[in-house]
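Chemist: The following block contains the structure, expressed as structure tokens.
The values are calculated or read from the model by the stated rules, or taken from the named source; none is laboratory data. Here the structure is a predicted model, which means the values were calculated and not measured. Note that each Cβ is placed from the backbone with ideal geometry, even for glycine, and that neighbours are counted across all protein chains shown. Heads up: the accessible areas ignore ligands, DNA and RNA and are worked out on the full protein's heavy atoms, side chains in. Shrake-Rupley method; radii C 1.70, N 1.55, O 1.52, S 1.80 Å.
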Amino acid sequence: MQNNNEWQAAFTVIKQLENAGFEAVVVGGAVRDALLGREVHDVDVATSAMPSEVKGIFTRTVDIGIQHGTVLVLVPEAPVEVTTYRTDGEYTDHRRPEAVQFVRSLAEDLKRRDFTMNAIAMRRDGSFVDYYGGREDIEACVIRAVGEAQARFAEDALRMLRAVRFSAQLSFTIEPATMQAMREQAADIEWIAKERVKAEFDKLWVGKDVHNGMVKLQESGLAAHLPGEFKAEQWQGFCTQDAQVGWAYFALLQGGNWPEVLRSYRLSNKETSFVKAVLAAFEALKVGWTKMDYFTYSEVELGAALHFAKLQKLHVEVTLDVMREAQASLPIRTRNELVVNGLDLQKWSGQKRGPWLKEALQAMLEAVVAGEVENDWQDIKAWFERLYEEMKSLDNTFEQ
Ligand code: ATP
Ligand code: MG
């Protein structure tokens, strides 16, 4: 666990900071996840060196959040985020402070952190600095605020949602006094920018125990102060590795109101299109997927729709294997694979472009996907000539 590139890089950086006379440790999520035996990627370093001192010690650095004291240090193993020990300035409106003060004391830095499990530091020699019993809480699978929960949530209301997110990620409980403070201050979540709220949900959806998170979201009262409906029982058994799938299921549970609800969480256009596709695939599944459905939707979209059908206890015949098999045996996987294009159709018909062309191309695609005609130039030509005669006799799309 601690011998991947990210850890190696962090230890290289710590050593150099120590050689220059400063103190430096690994903190936050990396220490927590290492203790939990989870895979760790972001190994963050905290140090007593001021940002300018950090920049003086390393030859290659990038300012990525200098106002918060974070400098990216580039060492051969991997880039490392190095943040100067700090305390947070005045809090206003239950949001993160604008200004921070740099300090030389690790104790001060750990004090500003949200939960005991996130307030453990690890030295280069593997020893821990753990003033708040974080290791004990990890052992007991408990999320507990550092210091007085009420005060900590009053400083930054997002922390309440972070507690919920961690309960889904780690399948932990929330310590009673911490939960009590959440119940009392749940309404303050409305102060928080929706972008920060969304980022927590992105992590919640891919948690190993989303249902636990949703139970906590309801219990704490946070659910009532966030856009949309949250019914914990509907999340029983939900599991994904893709946050977009979480948003899609959340959308499904909102009914017709979903576009408005999702808009309030500021999903990107790409995420919204994905949600739309999954919901359409889910509707199609209710009547049974056609070859065109297998062609239209991606494996992830179909897989998500199938997962939702199971969660909703719908009776469907299709399984993941059947679905993959059906996709694999399609004659073509993309439109580009068609051997005939719009120019061919114009040439064969002698007609100018117009709405007919789009219709004919779509009919051709559907016929090829359905296996009614081979994806072969001659076969499609013969097929088109029949279609063209029909189109001519059916309406006056074409000028005679
Ligand atoms: P993840 O695995 O999702 O990255 P993380 O614990 O590393 O989890 P980050 O958001 O990367 O979470 O934050 C890094 C550390 O900074 C946390 O472990 C915690 O010590 C501290 N922290 C982050 N956000 C807050 C906050 N809102 N209030 C107090 N401390 C925070
Ligand atoms: Mg992190």
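Chemist: Give the Rg/Rh ratio for the range 186-302, taking Rg as the radius of gyration of the Cα atoms and Rh as the Kirkwood radius, to two decimals. Intermediate values should be presented prior to the final figure.
Modeler: Numbers: Rg = 14.7 Å, Rh = 14.9 Å.
When Rh is taken as the Kirkwood radius, the ratio is 0.98.
Chemist: Something else: Over the range 1-140, give the accessible area per residue in Å² for a 1.4 Å probe, as an integer.
Modeler: Per residue, the range 1-140 has 48 Å² of solvent-accessible surface.
Chemist: Can you pull the accessible area of L170 for me, 1.4 Å probe, Å² to the nearest 10?
Modeler: 10 Å²
Chemist: Anyone know which of H315, H41, H225 comes out most mobile in the 10 Å Cα GNM of the chain?
Modeler: H315
Chemist: How large is the helix-only mean residue ellipticity at 222 nm for the chain, computed as the sum of -39500 (n - 2.57) over DSSP H runs with n ≥ 4, divided by its residue count, in deg cm²/dmol to the nearest 500? Present the calculation step by step, with values, prior to reporting the outcome.
Modeler: Details: 19 runs with 199 residues, N = 400.
When only DSSP H runs of four or more count, the value is -15000 deg cm²/dmol.
Chemist: Would you mind checking which residues have amide H under 5 Å from I174's amide H? H placed 1.01 Å from N; only 5 or more apart, or other chain.
Modeler: Under 5 Å from the amide H of I174 lie the amide H atoms of I143, each far enough along the sequence or on another chain.
Chemist: Roughly how many whole Å is it from the C-alpha centroid of the range 1-55 to that of the range 282-307?
Modeler: If you average the Cα positions of each part, the centres end up 45 Å apart.
Chemist: In addition: Kirkwood Rh, Cα Rg: Rg to Rh for the chain?
Modeler: On the Cα set of the chain, Rg over Rh gives 1.12.
Chemist: From the residues L285, A360, G65, which one has its Cα farthest along the dipole of the chain in the positive direction, the dipole being from +1 and -1 charges on Cβ of Lys/Arg and Asp/Glu about the Cα centre?
Modeler: The one lying farthest along the dipole's positive direction is G65.
Chemist: Which of D344, D42, D93 ends up with the largest GNM mean-square fluctuation for the chain, with Cα atoms connected below 10 Å?
Modeler: Result for the chain, Cα springs under 10 Å: D344 fluctuates most.
Chemist: Probe radius 1.4 Å, ligands and nucleic acids left out: which of E337, E389, E372 has the largest accessible area, and how do the rest follow? Walk me through the numbers on the way to the answer.
Modeler: On the way: E337 80, E389 105, E372 140 Å².
The most accessible residue leads, giving E372, E389, E337.
Chemist: Could you put T272, T290 in order of accessible surface area, largest first, with the 1.4 Å probe and the full protein assembly present?
Modeler: From most accessible down to least: T290, T272.
Chemist: Rg/Rh for the range 144-236 to two decimals, with Rh computed the Kirkwood way over all alpha-carbon pairs.
Modeler: 0.92
Chemist: Calculate, in whole percent, how much of the Cα-Cα pair population of the range 245-355 lies beyond 23 Å.
Modeler: Looking at the range 245-355, the distances longer than 23 Å represent 43 percent of pairs.
Chemist: Let me ask another. With 24 Å as the limit, write out which pairs from K111/K231; K291/K347; K203/K270 have Cα-Cα distances beyond it, or answer none.
Modeler: Checking Cα-Cα distances, K111/K231; K291/K347 exceed 24 Å.
Chemist: Please report the antiparallel percentage of the DSSP beta bridges confined to the chain, to the nearest 5.
Modeler: Working: 21 of 26 bridges.
Bridges in the chain are about 80 percent antiparallel.
Chemist: Using a probe radius of 1.4 Å on heavy atoms only, what accessible surface per residue do you get for the range 336-392? Whole Å² is fine.
Modeler: On a per-residue basis, the range 336-392 sits at 60 Å².
Chemist: Ok, one more. Once ligands and nucleic acids are excluded and a 1.4 Å probe is used, how much of C239 is accessible, expressed in Å² to the nearest 10?
Modeler: 90 Å²
Chemist: Something else about it: Which of V45, V75, V27 moves the most in a Gaussian network model of the chain with Cα springs under 10 Å?
Modeler: Of V45, V75, V27, the most mobile in the Gaussian network model is V75.
Chemist: Expressed as a whole percentage, what fraction of the accessible surface of the chain belongs to carbon and sulfur atoms when a 1.4 Å probe is rolled over the protein heavy atoms? Don't skip to the end; give the middle numbers.
Modeler: Numbers: 9400 of 19720 Å².
Result for the chain: 48 percent of the exposed heavy-atom area is carbon or sulfur.
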